[in-house]
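Data first, discussion second: the structure below is written as structure tokens.
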Amino acid sequence: MAQFGFSPSRAVERSTKIATVDLAKVVISAFLFLALLGNLALAQSQEVEEETAPEPFVEPNQPRAPPVVAETGLASFYHVVFHGRRTASGEAFNRHALTAAHKTLPFGTLVRVINLRNERSVIVRVNDRGPLQKNRVIDVTPRAARELGFLAYGLTPVKLEIMTADELADIEVK
């Protein structure tokens, strides 16, 4: 029979290999099944404590202080060539973010910029120093300029208001 390519010893070897592989699969499957059962039992044995959210503090209605007007003047926007370059604060300039350059305000200050031509406003975060031109009060990103509606003009008269914590909380709640 060996002349026809069939050998009884090869058939036994092959069936032994198949049985070994099948046995290994069964052992691994049984191990995974037992591990899953153990995790389920552990999860069921743990007690779940009901957490109650603390009641939010509600302040009585107090009159809001008027916004802090930092200044008024002309605003311009960064050219896109600055995208990716480092700002004075050390972070990379992102033309798609709502950030700005101001001469004196601390980094991280949130400022509402109001376009005096169309009353549109946007909140930006100061992360750079500038503008270098004397007649300008703030440089904003192209995204902020688009939202303010002066991207096509280059310059616009603006009013700057420094955001307070109360105003920010009102914005986040809405």
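Numbers at a glance
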{"read-out": "Residue-span extension gain [His96 to Asp22] - 0.36 nm each, minus C-alpha spacing", "value": "20.9 nm"}
{"read-out": "Karplus-derived 3J(HN,Hα), 6.51/-1.76/1.60, for each residue of region 160-167, Hz, glycine and proline x", "value": "9, 10, 6, 7, 9, 4, 5, 5"}
{"read-out": "Interchain or long-range residues, amide H under 5 Å from Phe77's placed H", "value": "Val140"}
{"read-out": "Antiparallel DSSP beta bridges within region 68-173, as percent of all bridges there, nearest 5", "value": "75"}
{"read-out": "Placed amide H near Leu116: partners under 5 Å, 5+ positions off or other chain", "value": "Val158, Lys159"}
{"read-out": "Prolate/oblate/rounded call for region 68-173, Cα gyration tensor, a/c under 1.5 rounded", "value": "rounded"}
{"read-out": "Rounded to the nearest 20 debye, dipole of region 68-173 from Cβ charges on Lys, Arg, Asp, Glu", "value": "580"}
{"read-out": "Per-pair calculated FRET efficiency, R0 = 22 Å: Arg146 and Lys103 via Cβ, rounded to 0.05", "value": "0.40"}
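None of the figures in this text is laboratory data; all of them are computed from the coordinates on show. Note that this is a predicted model, so its numbers are computed, not measured. Glycine gets a Cβ as well: all are built from the backbone with ideal geometry, and neighbour counts include every protein chain shown.
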